[in-house]
Amino acid sequence: MSSRDLSAFTDTTDCAAEPRSSKRYKTNLTGRGAFDAVFTTAATADPTPTVYNNIGKVTNQTGARITGFKVVVGTGTGANFTPASQSDLPVGITEEGTLQTRANVPCGLFGYGCAQTADEPSPEEGYFDTDQDNDQLTVSVDGDTVTFANMTEALGPDYLRIVGDSILDRSQVPTGLFIEDTDTASEDDLLVWKAPGSDTWLDENGDTLTQAEVDQRIADAKAAMGDAYVGTYEGDVEDMSNINMNFPIDVGVLDGQFTMRFIPLFNPIVEAAGSDYQFAVASSLDSSEIVFMNADPEFANVIAEINGLGTVAEKQTALERAGTSYLRNFGTQSFLMGRDQIEMVLKHLNNGRMVMPAGTTSGNMNASATSVEDISAVRLASSDSSAQGLAGLMAGTGGSNSMEITERFSVFFSGSVSTGDIDNTTNGAGADYNGYALTGGGDYRVTDKTRVGAAIGYGENEGSVNDNRGDLDVDGTTAMIYGSYGSATGLFADAVFGYSWLDYDNDRRIAFGTYNELAESSTDGKQKSFTLDGGYNFEIGRFIAGPSARFQYLDLEVDGYEENGAGVLSMSVEDMDFESRTIWLGGQVAMPIALDNGGFIQPNARLHWVKELEDEGTTVGTNFTGGTLPFSTPIDGRDDNYVRAGVGLDAGFTGWGQPMTVSVNYDGTLANDDYDEHRGSVSITMHF
């Protein structure tokens, strides 16, 4: 719904002005809703109603063909609009007066007679139609409403033969080759034209022309125009999306405003749409009825099948299933899988700090320390009781329960399993998914507080689209490099860079009415990632805790693909780009506990509020492969606020003669309107 106040417009030309002198007002209908134009009037002493002649043009930019439109006068705009017949507003649409109520397609293309002037009394013929009468829509006037419709019955045979039974949207018009002359006050003449997406020039009868024939037409026009000839250019045949209209409005004594509401009318399959996505699908299917598109005749059966369903809800479900409604899941599933692998690296780095925090290069720790107070006192209160001593406790080496710490290398291996639900959105279907990820790597301790390393991960994520709409599976390999600074207490920071190679397999189930098709496809993707994580940990009694923050960036590019196996309902999908920038704010807490056997356990928890900075929706170019016009599939934006929480248990011991840490963790995404996620993971780290 949109509106515009036209009260500031002034009368710059009268009705006696030359044709094409822009003395009419022009309305662009955009989207599915109505357009409200607001006029301001001033009352006069004369109580006699005034008849205003409205001369205008309507341009279809709704995104779909229209079968006509209504004009309703009333008061208010948007949801507050009230037709004049339901109020005491002294305004109505009348059939009286000097102006004939009519709406016609532009006569420069269809019909002739609209370009007569004093200098040129002979009417200009239409390009496609040389009949005497202009092709007009049927008019119906009812009090406060005038309807221009019934195009199949009203329009001439040439319009129906070339275009079909509806007015085209601006995005659907063909490309024309125009002759430009020196007369800037007149419109340039159409020479030849071609359908959208076609390279074949056509003549006024819709017949194919060779390039030699096109060149001859240009030469003939140049010879006939002489010095007035400027050249040729290609452009949209915009008038195929325009309707000229005339109608009178009867306005009584009114000191205030009234509204003129323009309402587009669509074919039944388009009228049934309940969302922007469904509207785009319906518009594309409906475009198969454009005659010059020469679309596969099977589309007529698809349209009839959808129109024949019993309820509006069934028709909307059919429209949703006809197209690829879950492209958003490509991004969500890939982001979740990539984030799992990054978080396993971050967990490994955190374990390294908690097991071997800052301190001297050697130390000792009494193995009899079994309470948290003892550990805190020994680990954090003196310089010779560093976390290296805890590593000695973990290793349990030496009769004196002390050891020299010289390990610089550590390797780790992590695995996780995850499950969750991706929610439906206004324009897309969600999914249930299950996945796993494996990550392994190694790093080198440059100093007591600094490590650098590399890791490689592999993951698979299998999604089952809601209501048996199909399956979307993704697997991929990720190479990562990372660096870390810090110890168990004090300042810490981690950075991870990753690059993923992804493979997608997609089976889309199309089921409505008698249709039950399976569209199959596969494609590749690449994902770049960067995570910077940092914070500060304090010793607080039995605990090590503190605030932390994270910035995470994910950039996914999915290659375009084409489906097979579903006939005319197979689709082509252009390249997709997904981007996420999140800021995490929260903290973590751990409670290390020494054990009598020389090891330790460490319960831990973490909680972060996450802010998504890239939460806006986007669109992806799509099209059915049977000859319809392409359309944009909307991808809804993401929830921009949610919570990420986790709990875990780390255990330290000696295995195969080396200090080892095993971590078991649960992480989940909470209060997110887009998805629910639950992940369990196990990680093993060994120091050398």
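The values are calculated or read from the model by the stated rules, or taken from the named source; none is laboratory data. This structure is a prediction, so every number in the text was calculated from the model and none was measured. Because the Cβ atoms are built from the backbone with ideal geometry, glycine has one as well, and the counts that use them run over all protein chains shown. With ligands, DNA and RNA removed, areas are computed over all heavy atoms of the protein, side chains included. Shrake-Rupley method; radii C 1.70, N 1.55, O 1.52, S 1.80 Å.
Assorted remarks:
- Hits in segment 422-456 - residues which are buried (at least 16 other Cβ atoms within 10 Å of the Cβ) and over 30 Å from Thr685 (Cα atoms): Ile422, Asp423, Asn424, Thr425, Asn427, Gly428, Ala429, Gly430, Ala431
- If only residues of segment 53-110 that are basic (Lys, Arg) and in a strand (DSSP E or B) are counted, the one that is nearest to Tyr277 (Cα to Cα) is Lys70.
- Boolean, Arg65 is open to solvent by 80 Å² or more (accessible area, probe 1.4 Å), modelled with pLDDT of 85 or more and either touching a helix residue (DSSP H, G or I) at 6+ places or on another chain (Cβ under 7 Å) or over 21 Å from Val237 (Cα atoms) (or both): no
- Scanning segment 31-52 for residues that are open to solvent by 80 Å² or more (accessible area, probe 1.4 Å) and closer than 24 Å to Gly68 by Cβ gives Arg32, Tyr52.
- Qualifying residue in segment 136-144 (condition: of a type outside the set (Phe, Trp, Tyr), modelled with pLDDT under 85, open to solvent by less than 30 Å² (accessible area, probe 1.4 Å) and not in a loop (DSSP other than H, G, I, E, B)): no
- Among residues of segment 559-598, those that are touching a Pro at 6+ places or on another chain (Cβ under 7 Å) and either of a type in the set (Val, Ile, Thr) or closer than 18 Å to Thr618 by Cα (or both), counted: 0
Quick grid of which residues meet (1) of a type in the set (Val, Ile, Thr); (2) modelled with pLDDT of 90 or more; (3) more than 38 Å from the chain's Cα centre (by Cα); (4) open to solvent by 50 Å² or more (accessible area, probe 1.4 Å):
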{"residue": "Ala115", "(1), (2), (3), (4)": "no, no, yes, no"}
{"residue": "Thr130", "(1), (2), (3), (4)": "yes, no, yes, yes"}
{"residue": "Ala149", "(1), (2), (3), (4)": "no, no, no, no"}
{"residue": "Ala154", "(1), (2), (3), (4)": "no, no, yes, no"}
{"residue": "Thr184", "(1), (2), (3), (4)": "yes, no, yes, yes"}
{"residue": "Pro196", "(1), (2), (3), (4)": "no, yes, no, no"}
{"residue": "Trp201", "(1), (2), (3), (4)": "no, yes, no, no"}
{"residue": "Gln216", "(1), (2), (3), (4)": "no, yes, yes, yes"}
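- The one condition in (1) in contact with a helix residue (DSSP H, G or I) (Cβ under 8 Å, 6 or more places away or on another chain); (2) within 28 Å of Phe412 (Cβ to Cβ) that Phe578 fails to fulfil: (2)
- Residue, farthest from the chain's Cα centre (by Cα), within segment 664-673, restricted to residues that are of a type outside the set (Val, Ile, Thr) and either open to solvent by 20 Å² or more (accessible area, probe 1.4 Å) or at pLDDT below 95 (or both): Tyr666
- Matching residues, segment 507-526, being of a type in the set (Gly, Ala, Ser) and either more than 30 Å from Ile303 (Cβ to Cβ) or buried (at least 19 other Cβ atoms within 10 Å of the Cβ) (or both): Ala519, Ser521, Gly525
- When the residues of segment 156-182 are filtered to those that are over 30 Å from Thr259 (Cα atoms) and small (Gly, Ala, Ser), the one that is surrounded by the fewest Cβ atoms within 10 Å (Cβ to Cβ) is Gly156.
- Checking every residue in segment 507-521 against the condition of being assigned to a strand (DSSP E or B), within 28 Å of Ser410 (Cα to Cα) and touching a residue at least 24 places away in the same chain (Cβ under 8 Å) gives zero matches.
- Some residue of segment 466-480 being within 16 Å of Leu346 (Cα to Cα) and not β-branched (Val, Ile, Thr): yes
- Cross-chain or 6+ apart pairs with Cβ under 6 Å, segment 571-600 first and under 16 Å from Gln552 (Cα atoms) and of a type in the set (Asp, Glu), then open to solvent by less than 40 Å² (accessible area, probe 1.4 Å) and part of a strand (DSSP E or B): Glu579/Asp555
- The residue that is least open to solvent (accessible area, probe 1.4 Å), among those in segment 541-597 that are over 30 Å from Ser325 (Cβ atoms) and not in a strand (DSSP E or B), is Pro592.
- So Leu265, is it open to solvent by 20 Å² or more (accessible area, probe 1.4 Å) and closer than 30 Å to Ala43 by Cα: no
- Complete set of residues in segment 218-256 that are under 30 Å from Ile93 (Cα atoms) and open to solvent by 40 Å² or more (accessible area, probe 1.4 Å): Glu238, Asp239, Asp250, Val253, Asp255
- Given (1) farther than 17 Å from Tyr561 by Cα; (2) surrounded by fewer than 17 Cβ atoms within 10 Å (Cβ to Cβ); (3) touching a Phe, Trp or Tyr at 6+ places or on another chain (Cβ under 9 Å), number of the condition Ser529 does not satisfy: (2)
- Search result, residues across segment 493-506 that are crowded, with 18+ Cβ neighbours inside 10 Å and within 21 Å of Asn466 (Cα to Cα): Tyr504, Asn506
- Residue list for segment 457-469, filter: at negative phi and open to solvent by 10 Å² or more (accessible area, probe 1.4 Å): Tyr458, Glu460, Glu462, Ser464, Asn466, Arg469
- If you go through segment 609-642 and keep only what is open to solvent by less than 50 Å² (accessible area, probe 1.4 Å), under 30 Å from Phe292 (Cβ atoms) and part of a strand (DSSP E or B), you end up with Val620, Gly621, Thr622, Asn623, Phe624, Phe631, Thr633, Pro634.
- Pick from segment 306-347, criterion open to solvent by 10 Å² or more (accessible area, probe 1.4 Å) and among the acidic types (Asp, Glu), ranking: farthest from Ser283 (Cα to Cα): Glu343
- Segment 203-212, subset acidic (Asp, Glu) and without any contact (Cβ under 8 Å) to a residue 12 or more places away in the chain, residue most open to solvent (accessible area, probe 1.4 Å): Asp207
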